[in-house]
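The values are calculated or read from the model by the stated rules, or taken from the named source; none is laboratory data. All figures in this text were calculated on a predicted structure; none of them were measured in a lab. Counting neighbours? That spans all protein chains shown, and the Cβs are built from the backbone with ideal geometry, glycine included. Surface areas here come from the heavy atoms of the whole protein model, side chains and all, with no ligands, DNA or RNA. Shrake-Rupley method; radii C 1.70, N 1.55, O 1.52, S 1.80 Å.
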There are 2 protein chains.
Amino acid sequence: MPSFIPPSHPRYESLMTREKLVEGFRAGIVVPEGLIAHGRGEAFDYILGETSRDFAIEAAKVAAAMMLAARRPVISVNGNAAALAAEKLAELSRVTGAPLEVNLFHWSRERADRIKKWLERFDCEVLAEGDAEIEGIEHCRRIVDSRGILVADVVLVALEDGDRCEVLRRVGKKVIAIDLNPLSRTAQMADVTVVDNVTRAIPNIVKFAREMKELSREELEEIFKGYDNGKILKRALEAIREYLTSKSLEASRFQRS
Amino acid sequence: MPSFIPPSHPRYESLMTREKLVEGFRAGIVVPEGLIAHGRGEAFDYILGETSRDFAIEAAKVAAAMMLAARRPVISVNGNAAALAAEKLAELSRVTGAPLEVNLFHWSRERADRIKKWLERFDCEVLAEGDAEIEGIEHCRRIVDSRGILVADVVLVALEDGDRCEVLRRVGKKVIAIDLNPLSRTAQMADVTVVDNVTRAIPNIVKFAREMKELSREELEEIFKGYDNGKILKRALEAIREYLTSKSLEASRFQRS
């Protein structure tokens, strides 16, 4: 059902981004539930001002240092992340040496293979065997690759939902999450939470990883040693509150009598 | 791609509601963009506490009075509203005497007819001719029914996006909006904004309409005379800020060291 969105539409930008995800949906990369999840993200992005805030940039730097210092880092990718940031995820993989691993809540062999091919167009290693399981997770996300998440020490999860973050931590892994909702379980449970849109967060992490590529493990550890994720999440919530206050003042100025 | 969601999942309720919309999607009622829009709503509902707040109940009462006092009220329904609240919308139509009118951003003859049939299962009058246009709107939402929105004095729009609200007001109509985002243009431009989930807002309006059905026009006007939508929107924003503050305190209590 193609439909023309006029550039004069007040939500043109946002609607065009939607179209990008809908494209991924038509290609069989994104599931219907993923479209809804994207909408949730849109709303949080909106009340964060749709820009990379200082707390997101700080967390991105720590994330980059942690990935570079890791022995076996892995980047966990779902359908939405692939549709929105495939090229940048591939770049992050090359810079940090962390393979991409396809990990899906709504898993099927066909879909996993489709996403693998979608990502491989951008010159990167993609794991999607699904030949191992992580205990403690009931749904499809338990299915992992024996060369990837199963043996990883640091896992970056882009656009994660639910309880997997908790389980990954329980089995001793460090988790870096990209999540626009600072109140989500994933955001709260991760070691490092980048509260930002994945389309901005990944390029930020890539930039920092490039800058720090030559640092020693000690120098890298220095960067994430004193990091406090709780403070970062608090600042994100504070930013939302301030944004809503400023909007509220604006709105009352425009209110008609 | 059917997938089992275990009841132990922390977002079970929310995911089951999603499934309902996905069902509407599979039936050709909801478009992919509608799934994303629903996700935005979900996020705002979440930070409003997922309940009908006092400001939403006050606005619902005013909305009911305004519809009962109107000469030609109409209820504008899109695909998401039909998927989530068809039965309740039909009930509201019967109580207030306002016909339902199918009005779509992503319009096609087939989709409009499909939604008309979907609604008619619940014993109500549904307009979907699309034989007239409202000037000043570029996209498909300009297409209206000559017996409905075109000649209406009060239009209730459930789950509206964008600029149509503004145009409807410009051509002299009163607009009642149901919108979970108190900062949206629709919310800001409407005469009455019910900041609530459509699944709760419609039953609330139905309840008030039943209670006030026998009131005279003068008595009804008394109810909405002093109404100030700006104050309602301010209270909604205030509620979100308070909710985030309380969540922030909770979160810091759970933060691990």
Kindly identify residues of the range B:157-176 having a loss of at least 20 Å² in accessible area between the isolated chain and the assembly of all protein chains, probe radius 1.4 Å. B:161, B:162, B:163, B:169
For chain B, what relative contact order do you get, as a whole percent, if you take Cα pairs closer than 8 Å and at least 6 residues apart? 23 percent
Per-selection Rg to Rh, the protein assembly as shown - Cα, Kirkwood hydrodynamic radius: 1.00
With a cap of 14 neighbouring Cβ atoms within 10 Å, and only residues DSSP puts in a loop, list the trypsin sites (Lys or Arg not before Pro) found in the range A:150-256. A:213, A:225, A:256
Evaluate Rg over Rh across the range A:72-175, taking Cα atoms for both radii and Kirkwood's formula for Rh. 0.92
Which value at 222 nm does chain B reach when only helices count, each DSSP H run of 4 or more adding -39,500 (n - 2.57), with the total divided by all residues and rounded to the nearest 500 deg cm²/dmol? -17500 deg cm²/dmol
May I ask you to report, in nm to one decimal and beginning with the shortest, the distances from residue A:213 to the same position in the other copies, taking label points 7 Å along Cα-to-Cβ? 7.3
Other-chain or far-sequence residues with amide H under 5 Å of residue A:180's (modelled H): A:196
Charge-dipole axis of the range B:54-236 as Lys and Arg at +1 and Asp and Glu at -1 on Cβ define it, positive-most pick from B:181, B:93, B:216: B:181
Carbon and sulfur atoms account, in whole percent of the 1.4 Å probe accessible area of the range A:54-236, for 47 percent
Heavy atoms of residue A:107 accessible to a 1.4 Å probe, total area in Å² rounded to 10: 80 Å²
Rounded to the nearest 5, what % of the DSSP beta bridges within the protein assembly as shown are antiparallel ones? 10 percent
Threshold 10 Å², probe 1.4 Å: give the residues of the range A:212-252, in number order, that are less accessible with all protein chains present than with their chain alone. A:230, A:234, A:237, A:240, A:241, A:244, A:245, A:247, A:248, A:251, A:252
Report, largest value first, the span of the C-alpha coordinates of the range A:1-110 along each principal axis, in whole Å. 48, 39, 20
Sites matching trypsin sites (Lys or Arg not before Pro) across the range B:65-118 that sit in DSSP coil, with at most 12 neighbouring C-beta atoms within 10 Å: B:71
Taking a label point 7 Å out from Cα toward Cβ, give me the nm distances from residue B:250 to the same spot in the other copies, shortest first, one decimal. 2.9
Computed over the Cα atoms of the range B:54-236, the Rg and Dmax in Å are 14.9, 43
Considering only protein heavy atoms, what is the solvent-accessible area of residue B:120 at a probe of 1.4 Å, reported in Å² to the nearest 10? 80 Å²
Heavy-atom accessible area per residue of the protein assembly as shown, all protein chains kept, 1.4 Å probe, expressed in Å², is 41 Å²
On complex formation of B with A, accessible surface lost, both sides summed, probe 1.4 Å, nearest 100 Å², amounts to 5300 Å²
Residue of chain A whose Cβ sits closest to the axis mapping A onto B, with distance in whole Å: A:39, 1
Percent antiparallel among DSSP beta bridges confined to chain B, nearest 5, equals 10 percent
Among the complete DSSP H segments of chain B, which ones combine at least 18 Å of alpha-carbon extent along their axis with a mean Kyte-Doolittle hydropathy of 0.0 or more? B:54-69, B:79-96, B:198-212
Only Lys, Arg (+1) and Asp, Glu (-1) charged, at Cβ; the range A:38-131 dipole about Cα centre in debye: 140 debye
Past the 20 Å Cα-Cα mark, which pairs from A:207/A:231; A:247/B:234; B:88/B:117? A:207/A:231
Run the label-point distances for residue B:169 please: 7 Å along Cα to Cβ, every other copy, nanometres, shortest first. 4.5
Spin-label zone in the range B:60-100 - amide nitrogen under 19 Å from a point set 7 Å from the Cα of residue B:216 along the C-beta vector: B:65-71
